[in-house]
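To keep things clear, I will list the structure first and then write my remarks on it.
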2 protein chains.
Amino acid sequence: MASTLDTLRRDYPWIQTPLVVGAPMRLIALADMAVEISKAGGIGFIGAGTDVSDLDQHLDKATSLLSSHAPSLPSSNSTLPVGVGFINWGADLPLAIQSIAKYRPAATWFFAPSSLDSLKEWTSRTRQASPSTRIWVQIGSVEEAISIVQTVRPDVLVVQGTDAGGHGLAQGASLISLLPEVSDTISSLQFADGYTGPILLAAGGIVDSRGASAAHLLGASGVVLGTRLLASTEANVSRGYQSEVLRASDGGQTTVRTKVYDKLRGTTGWAESHNARGIVNRSYVDALGGMSEEENRRLYEEEVKKGDEGWGEQARMTTYAGSGVGLVREVKGAGEIVREVREGLVGLLGGAKALL
Amino acid sequence: MASTLDTLRRDYPWIQTPLVVGAPMRLIALADMAVEISKAGGIGFIGAGTDVSDLDQHLDKATSLLSSHAPSLPSSNSTLPVGVGFINWGADLPLAIQSIAKYRPAATWFFAPSSLDSLKEWTSRTRQASPSTRIWVQIGSVEEAISIVQTVRPDVLVVQGTDAGGHGLAQGASLISLLPEVSDTISSLQFADGYTGPILLAAGGIVDSRGASAAHLLGASGVVLGTRLLASTEANVSRGYQSEVLRASDGGQTTVRTKVYDKLRGTTGWAESHNARGIVNRSYVDALGGMSEEENRRLYEEEVKKGDEGWGEQARMTTYAGSGVGLVREVKGAGEIVREVREGLVGLLGGAKALL
């Protein structure tokens, strides 16, 4: 384990371990959140998603926020101590590479490429444009883990369990079985080129230090928070969205993996293999009840006009969130959330022996 | 934590902690498996399921196997040091109570009652028939946990995550978010009658000491193995079934929660809310492809005649298994499996501090 932690500390010298990462939630995790997370000793990500047209602005803002912080965060080879997350099938590669070359983020997080060849191109061009930028790839199955590790030699593999909010594999296991199997499988691979395999980070269903410590025992070297950060002051979400996250409980029953919300929002482009977990609302119930997509979308578009009132169990705006949403009960600063989870982790892992 | 462990050791004095329990898998976990698990310091369960007509025979056999073991296992108030699991909606209550009164198992595990009132009756009649028999109830959501704790005051709540094999809630979260939320919610309940709340055990996706230790950090006082024990020498399954369990990997992709297998096997009676996780095979793929239930069942019934050859990815016999099936790689004795997981738990929880 020491060597994995050493690698993390070398590549991201500002972090404190155990490592807590902020997921690159598209449109929601922007410069504010990413910087607060990195300042708190985690690794913050800007969720560029499918649209990189304003990525330079976000990276500019992150640069400026970071430069006004004293003392400045130590980083590896002067990379920017935040990462950028891409939804590769939809993101413009040449534009993205320009931003990566210009701002040199500490990490790029790749997810859902249109093909393995495309991922290979993203990876090699990123490495060329910014050799110190670390390559993170998100996977949701053992099969994906094997093919991606063999093809692109990622620095980090983000293992996402099916409890995660937002997009991921439509079908999958949770971290409790997925992470140990990915870990065993990756460890069994042989590499001829000196590559020693990726660092495994865990995502999906982790909202507090209990989930985070469990993930460490399952084989992760750090954890990713998504849903928990929806209820952070820096989350770029409407008050209605955030209230819904605080309201929902019993997430296994009140969230669902579906393509319904993508359809309503006109998000085309996701592969058949992927869908997203969100809180059950009227749109979903109506879709399940057989309402036509056209009518459902018309009602959705009317709801959009209501603003914050458009969110809720009986309303129609989409609230992507993971099955751990019931454990999110309070809005806090993203930095405070990261520190809390990390300190909780130290307590739980340090005290685990007492459970015997 | 000490008081929970004290309660466990008082109620089941033969156990060794951390506690490993064998799931009452219907038709699969019978006297042989249950006794081997209890002899190894776990708690073994006979899976009576929906049919209690031969329960006396199984309990007779368990009694005889246990009496030939020297030294005899210490038990609480001379109860039989194994448990019995019922699928309550289908089990005959008066017959079950006769067996419980006669054999006094250390625990009864209730699951999927037709109503809360019915569960109440099962519980009160069990307590009347055998006051020292502990009441375990399996739940899959926070809502179920609350209503059951408030209604029947169970000694143990088995919290089942959606990764579990076989039957459970069709929709649900995995242990990583479900267990902490159940734990928080139960802890917040107030009881006027001196009841201090149930002990929480974790089930669903746990196949080795990594999952087991994760469950402990999520709030469990012990763990339940199901899928892992399908590959035990004592499992009452065909060689074909067991080979399929050993073959399958990447369980998030190769198992699925569905009602298809129940329909093919003519298992009617499960509520709409429940389905079962099994390994994807030809029957499932054909059902998904639109084959009529009649045709699919006809093909299934032909497959039954093939014996062990009827199992496999391209075959039609049902292999219920959880998403952790890819971590099951070897057939071992049930007692050895229990000891291995327990010893692994001691190592992982004892050494967790080194992960920091």
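Each label point was placed 7 Å from the Cα along the Cα-to-Cβ direction; for A:N236 and A:R9 their separation is 3.4 nm. Computed over the range A:92-160, the range of Cα coordinates on each principal axis works out to 34, 20, 18 Å, biggest value leading.
For the range B:68-223, what does the relative contact order come out to in percent, with C-alpha contacts under 8 Å and a separation of six or more? Write out the running numbers ahead of the final one.
Numbers: 256 pairs, mean separation 26.8, N = 156.
Normalised by residue count, the contact order of the range B:68-223 is 17 percent.
When you filter the chymotrypsin sites (Phe, Trp or Tyr not before Pro) in the range A:169-247 for DSSP loop state and at most 11 other Cβ atoms inside 10 Å of their Cβ, you are left with A:F191.
Shortest first, A:D60 label-point distances to identical copies amount to 8.5 nm, with the label point at 7 Å from Cα along Cα→Cβ. Using the Karplus relation 6.51 cos²θ - 1.76 cosθ + 1.60 with θ = phi - 60°, the per-residue 3J(HN,Hα) values for the range B:254-264 come to 9, 10, 8, 8, 7, 9, 4, 5, 4, 5, 5 Hz, with x marking Gly and Pro.
Report, in degrees rounded to the nearest 10, the 0 to 90 angle that the Cα long axis of helix B:209-218 makes with the longest principal axis of chain B. That works out to roughly 60 degrees. Please state, as a whole number in µm²/s, the translational diffusion coefficient that the Stokes-Einstein equation yields for chain A at 10 °C and 1.306 mPa s, with Rh defined as the Kirkwood radius across alpha carbon pairs. D, rounded to a whole number, is 78 µm²/s.
Counting only protein heavy atoms and a 1.4 Å probe, tell me what percentage of the range B:216-356's accessible area is made up of carbon and sulfur.
On the way: 2720 of 5680 Å².
Looking at the range B:216-356 in its full context, I get 48 percent from C and S.
Our coupling estimate for the range A:236-247, obtained by passing each phi through the Karplus curve with A = 6.51, B = -1.76, C = 1.60 and θ = phi - 60°, is 7, 10, 5, 4, x, 4, 5, 4, 5, 4, 6, 6 Hz, Gly and Pro reported as x.
Using the Cα coordinates of the range B:169-241, the gyration tensor eigenvalues translate into equivalent-ellipsoid semi-axes of 30, 14, 12 Å, sorted from longest to shortest. Size descriptors for the range B:137-285: radius of gyration and Dmax over Cα atoms are 16.5, 54 Å.
With respect to chain B, whose longest principal axis is taken over its alpha-carbon atoms, helix B:142-152 is tilted by about 50°.
How high is the FRET efficiency between A:F191 and A:E295 when r is their beta carbon distance and R₀ equals 56 Å, given to the nearest 0.05?
Details: r = 53 Å, r/R0 = 0.95.
E between A:F191 and A:E295, to the nearest 0.05, is 0.55.
Here the range A:1-82 was treated as a single set of alpha-carbon atoms; its pair distances binned every 5 Å from 0 give 3, 16, 25, 24, 17, 10, 4, 1 percent. If you count the DSSP beta bridges with both ends in chain B, what percent of them are antiparallel, to the nearest 5? Counting only bridges with both partners in chain B, antiparallel ones make up about 25 percent. Spatial offset of the range A:223-259 relative to the range B:1-44 amounts to 38 Å, using the alpha carbon center of each.
Comparing A:L201, A:L175, A:L264 in a Gaussian network model of chain A (Cα springs below 10 Å), the most mobile by mean-square fluctuation is A:L264.
Using a 1.4 angstrom probe on protein heavy atoms only, the contact between B and A buries about 4200 square angstrom of accessible area, both sides summed.
Give me the percent of accessible area attributable to carbon and sulfur for the range B:48-188, probe 1.4 angstrom. Here it works out to 48 percent.
Seen against the Cα atoms of chain A and their longest principal axis, helix A:175-188 is set at about 30 degrees. Taking the Cα centre of the protein assembly as shown as reference, the dipole from Cβ charges on Lys and Arg (+1) and Asp and Glu (-1) amounts to some 1160 debye. The calculated pair-distance distribution of the range A:133-219 uses every alpha carbon pair, bins of 10 angstrom beginning at 0, and gives 18, 52, 26, 4 percent. Select from B:V224, B:S209, B:T255 the residue farthest towards the positive end of the dipole of the protein assembly as shown; place +1 on Cβ of Lys and Arg, -1 on Cβ of Asp and Glu, and compute about the Cα centre. The residue sitting farthest along the positive end of the dipole is B:S209.
Label-point distances for A:N236 to the equivalent site in the other copies, using a point 7 angstrom along Cα→C-beta, read 6.0 nm when ranked shortest first.
With a 1.4 Å probe and every protein chain left in place, work out the accessible area per residue of the range B:105-157 in Å², rounded to a whole number. Spell out each step's value before the answer.
On the way: 1780 Å² over 53 residues.
Per-residue value: 34 Å².
Put simply, the convex hull of the Cα atoms in the range B:286-325 casts, on average, a shadow of 3.3 nm². Considering only alpha-carbon pairs that sit under 8 angstrom and 6 or more positions apart, the relative contact order computed for the range B:226-352 is 39 percent. Compared with the alpha-carbon gap, the fully stretched path from A:D51 to A:T151 is longer by 33.5 nm at 0.36 nm per residue.
Put a plus charge on the Cβ of each Lys and Arg, a minus charge on the Cβ of each Asp and Glu, and nothing anywhere else: the dipole of the range A:259-356 about its Cα centre is then about 360 debye.
Hey, could you grab the Kirkwood Rh for the range A:197-328? Inverse mean 1/r over distinct alpha carbon pairs, Å, one decimal. Before the final figure, lay out each step's value.
On the way: mean 1/r = 0.0634 Å⁻¹.
Computed over the range A:197-328, the radius equals 15.8 Å.
Amide hydrogen proximity for B:T255: with H placed 1.01 Å from N in the peptide plane, the residues at 5 or more positions away or on another chain lying under 5 Å are B:V280.
What fraction of the DSSP beta bridges in the protein assembly as shown is antiparallel, stated in percent and rounded to the nearest 5? List each step's numbers first, then the result.
Numbers: 18 of 78 bridges.
Around 25 percent antiparallel, to the nearest 5.
A Gaussian network model of chain B, with springs between Cα atoms under 10 Å, assigns the largest mean-square fluctuation among B:S72, B:S174, B:S283 to B:S72. Among DSSP beta bridges lying fully in the range B:1-130, give the percent that are antiparallel, nearest 5. In the range B:1-130, approximately 0 percent of DSSP beta bridges are antiparallel ones. From the Kirkwood radius over Cα pairs of the range B:24-175, Stokes-Einstein at 20 °C and 1.002 mPa s returns a whole-number translational diffusion coefficient of 138 µm²/s. For the pairs A:K61/A:K102; A:K39/A:K332; A:K353/B:K39; A:K61/A:K120; B:K61/B:K102, note any where the Cα-Cα span goes beyond 20 Å. Over 20 Å apart, Cα to Cα: A:K353/B:K39; A:K61/A:K120. Measuring heavy-atom accessible area with a 1.4 angstrom probe and counting protein chains only, the residues of the range A:215-233 that give up at least 20 Å² relative to the chain alone are A:H216, A:L217, A:L218.
Compute the convex hull volume of the Cα atoms of the protein assembly as shown, divide it by the residue count, and report the result per residue in Å³ as a whole number. Don't skip to the end; give the middle numbers.
Details: hull volume 110.4 nm³, N = 712.
Given the Cα convex hull of the protein assembly as shown, per-residue volume reads 155 Å³.
With a cut-off of 8 Å between alpha carbons and a minimum separation of six or more residues, what is the relative contact order of chain A in percent? Averaging sequence separation for qualifying contacts and normalising by length gives 17 percent for chain A.
If only the Cβ of Lys and Arg carry +1 and only the Cβ of Asp and Glu carry -1, the dipole of the range B:1-129 around its Cα centre is close to 320 debye. Relative to the isolated chain, which residues of the range B:307-356 have their accessible area cut by 50 Å² or more in the presence of all protein chains (1.4 Å probe, heavy atoms, no ligands or nucleic acids)? Correct list: B:L327, B:L349, B:L355, B:L356.
Once Rh for the range B:294-356 is found with the Kirkwood sum over Cα pairs, what is the Stokes-Einstein diffusion coefficient at 4 °C and 1.567 mPa s, in µm²/s? For the chosen part, D equals 84 µm²/s.
For a label point 7 angstrom out from the Cα of A:E309 toward its Cβ, which stretches of the range A:236-280 have the backbone nitrogen within less than 14 Å? Backbone N within reach: A:240.
The values are calculated or read from the model by the stated rules, or taken from the named source; none is laboratory data. Everything numeric in this text was worked out from a predicted model, so none of it was measured. Positions of Cβ are backbone-derived with ideal geometry, glycine not excepted, and every protein chain shown enters the neighbour counts. The accessibility values were calculated without ligands, DNA or RNA, using every heavy atom of the protein model including side chains. Shrake-Rupley method; radii C 1.70, N 1.55, O 1.52, S 1.80 Å.
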